[in-house]
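Below is one structure, written out as structure tokens; comments come after it.
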Amino acid sequence: MTTCVIMQPSFIPWAGFFNLIHQADCFVFLDDVQYQKRSWQVRNRILLNGEEQLMTLPIEKCSSHTPINEVRLSTLPRWREKQAITLQRAYAKLPFAHQVLPIIDAIYSTETMELSRFNMNAIRLISQQLDLETHFFVSSQLNCSGKRSEHLAQICNALSATEYLSPVGSKTYLLEDQFEENSGLKLRFQNFEPAEYSQHKRNDFLSHLSILDVIAHLGLEQSRLYCTEQS
């Protein structure tokens with residue numbers, strides 16, 4: 001069984017994203033589909049002084065029909081520095097600041113102006129830090145056609161995959177498209193529920209934050225277990 005996961009390159013995503021990477025033999029960044037404003041492609045949530053804060057990557061103005069791999073990051077000065085400082089303020093006093101702060105520095109030191117490449121670089125970096133092993137691919141380099149689930153099936157076929165692992169959020173449309181019947185691939189849905197952990201200045205647990213929050217609170221070793229114990 002060769003398991004393929006296909007996900008849009010998200011902005012420093014949550015632990016469930018890395019659980020998918022852990023389970024994938026082939027992990028494909030879906031960068032040849034339409035960019036969506038106010039999506040996880042450019043946004044994510046962190047914890048700052050015990051309160052949720054939304055962080056958004058600034059991008060250049062573009063058409064709503066622009067593919068993700070053609071979206072450009074803003075040329076405004078110092079936005080990388082400002083975001084890095086915000087993240088440093090958020091996590092500098094946490095137990096594993098010494099592990100998360102170098103990751104933040106590395107993410108924002110990249111000079112790429114492409115949204116998809118910025119996100120992919122960050123995801124690969126964090127995967128490496130968590131010792132998650134998979135083969136990464138980029139959909140725009142596979143030259144697969146088709147729309148919606150047909151596009152996913154063609155990508156899987158190009159990589160000789162036999163199983164497609166999907167987040168549960170895509171379940172409705174995959175079943176509507178009769179993905180398993182039409183593709184001949186085994187379809188499996190992710191089973192991952194983020195476990196609670198003690199968060200700085202919080203009485204109640206705030207879930208689905210960026211993986212940086214997990215690393216800052218638990219450290220890299222425990223964060224790896226956090227992402228991989230449910231498969």
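The values are calculated or read from the model by the stated rules, or taken from the named source; none is laboratory data. Predicted model only: the values in this text are computed from it and were never measured. Please note: Cβ atoms are built from the backbone with ideal geometry, for glycine as well, and neighbour counts cover all protein chains shown. The protein model used for the area step is the full one, side chains on, heavy atoms only, and it has no ligands, DNA or RNA in it. Shrake-Rupley method; radii C 1.70, N 1.55, O 1.52, S 1.80 Å.
Would you mind checking the tilt of helix 79-91 against the longest principal axis of the Cα atoms of the chain, expressed as 0 to 90 degrees and rounded to 10?
70 degrees
Which residue fluctuates most in the GNM of the chain (Cα springs below 10 Å): 74, 64, 140?
64
Can you give the angle from 0 to 90° between the axis of helix 148-158 and the longest principal axis of the chain, with both taken from C-alpha atoms, to the nearest 10?
In the chain, helix 148-158 runs at an angle near 80 degrees to the longest axis.
What residue among 53, 199, 178 has the largest mean-square fluctuation in a Gaussian network model of the chain, using Cα springs under 10 Å?
Its mean-square fluctuation being the largest, the pick is 178.
Figure the gain on full extension for residue 65 and residue 124 (residue separation times 0.36 nm, minus the Cα-Cα span) and round it to one decimal in nm.
Going from the current span to full extension adds 18.6 nm.
Debye sum, Cα scatterers, the chain, no solvent: what log₁₀ I/I(0) at q = 0.08, 0.14, 0.15 1/Å?
Debye output, listed in q order: -0.30, -0.91, -1.04.
How much area per residue is accessible in the chain when the probe is 1.4 Å and only protein heavy atoms are counted (Å²)?
Heavy-atom SASA per residue in the chain reads 50 Å².
If 101, 48 are ordered by their accessible area, calculated over protein heavy atoms with a 1.4 Å probe, which sequence runs from highest to lowest?
Highest to lowest solvent-accessible surface, that is 101, 48.
Please compute the net charge surrounding residue 54, taking Lys and Arg as +1 and Asp and Glu as -1 over other residues with Cβ under 12 Å from its Cβ.
Cβ neighbours under 12 Å give a net charge of +1.
Who wins for biggest fluctuation among 59, 12, 123 in a Gaussian network model of the chain, springs between alpha carbons below 10 Å?
Result for the chain, Cα springs under 10 Å: 59 fluctuates most.
What accessible surface, in Å², does a 1.4 Å probe find on residue 137, ignoring ligands, DNA and RNA and rounding to the nearest 10?
For residue 137, solvent-accessible area is about 60 Å².
Note down the nm distance, to one decimal, between modelled labels 7 Å out along Cα→Cβ at residue 85 and at residue 148.
Those two pseudo-labels are separated by 4.7 nm.
What distance in nm separates the two pseudo spin-label positions at residue 180 and residue 141, each 7 Å out from Cα along the beta-carbon direction?
Simple spin-label model gives 3.2 nm for this pair.
Rank these residues by their accessible area, most exposed first, probe 1.4 Å: 7, 55.
Order by accessible area, largest first: 7, 55.
Given Cα positions, please report Rg to Rh for the stretch 67-178, the hydrodynamic radius being the Kirkwood one.
Result: Rg/Rh = 1.05.
Please report the base-10 log of the normalised intensity I(q)/I(0) for the stretch 41-112, using a Debye sum with one equal scatterer per alpha carbon and no solvent, at each q in 0.17 (1/Å).
-0.73
How large, in percent, is the carbon and sulfur part of the accessible surface of the stretch 76-229 at a probe radius of 1.4 Å?
46 percent
Just from its helices, what would the mean residue ellipticity at 222 nm be for the chain, if runs of 4 or more DSSP H residues each count -39500 (n - 2.57) and the sum is divided by every residue, rounded to the nearest 500 deg cm²/dmol?
Result for the chain, helices only: -12000 deg cm²/dmol.
So how tilted is helix 211-228 from the main axis of the chain? Cα-based, degrees 0 to 90, rounded to 10.
Result, in degrees: 40.
Enumerate the calculated ³J(HN,Hα) couplings along the stretch 23-37 in order (Karplus 6.51 cos²θ - 1.76 cosθ + 1.60, θ = phi - 60°), each rounded to whole Hz, writing x wherever the residue is Gly or Pro.
Result, ordered by residue: 8, 8, 7, 10, 10, 10, 7, 7, 9, 10, 10, 5, 5, 10, 5 Hz.
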